[in-house]
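Only the coordinates and a few stated rules stand behind these numbers; no lab work does. Since this is a predicted model, take the numbers as computed values, not measurements. Ideal geometry is used to build each Cβ from the backbone, glycine not excepted, and the neighbour counts take in all protein chains shown.
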Amino acid sequence: MRYPIYLHQADDGSFSCFVPDVIGCYFAGDTIDDAISDATNALDTYFEYMSENGNTPVEAKTVADYLNDDDCQGGIWAYIDIELTH
């Protein structure tokens, strides 16, 4: 499943990001690629844990669903693919 992630570049050039569909999921990296990699690894682990415990993952929305969200202004969007069949 493709999950949108929102990234913001800090003054020092590093990136922080979050997944709007998954409350409390925040990630960071020195580069945009590092931040996306961190988000992918953490979400993959999170959803694997949910699956192993019989929980259903939250459905991913699209970027369009968040365009007017005050927390999603001034940064950039990306999508990450998460395999949900663990």
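Across the chain, Cα pairs under 8 Å and at least six residues apart give a relative contact order of 40 percent. Which of (1) 23, 15, 9; (2) 25, 15, 13; (3) 18, 15, 12 is the computed semi-axes √(5λ) of the Cα gyration tensor in Å for the structure on display? Matching the structure shown: (1).
Over the chain, with a Gaussian network built from C-alpha contacts below 10 Å, which listed residue (28, 42, 64) shows the highest mean-square fluctuation? With Cα springs under 10 Å in the chain, the top fluctuation among 28, 42, 64 is at 64.
Each Lys and Arg Cβ is given +1 and each Asp and Glu Cβ -1; about its Cα centre, the chain then shows a dipole of about 220 debye.
Secondary-structure-derived ellipticity at 222 nm for the chain, considering helices only, amounts to -8500 deg cm²/dmol, per-run term -39500 (n - 2.57) for DSSP H runs with n ≥ 4. Using alpha carbons only, how many degrees (0 to 90, rounded to 10) separate the axis of helix 32-52 from the longest principal axis of the chain? Once rounded, one gets 20 degrees. Extension gain, residue 51 to residue 71, is 4.3 nm, computed as 0.36 nm per intervening residue step minus the present C-alpha separation. In loop segments of the stretch 7-86 as defined by DSSP, there are no chymotrypsin sites (Phe, Trp or Tyr not before Pro) with at most 14 further C-beta atoms inside 10 Å of their C-beta. Summing charges over neighbours of residue 61, with a neighbour being any other residue whose Cβ is under 11 Å away from its Cβ, gives -3 when K and R count +1 and D and E count -1. Between the listed residues 23, 6, 40, the Cα displaced farthest toward the positive end of the dipole of the stretch 1-47, a dipole computed from Cβ unit charges relative to the Cα centre, is found at 23.
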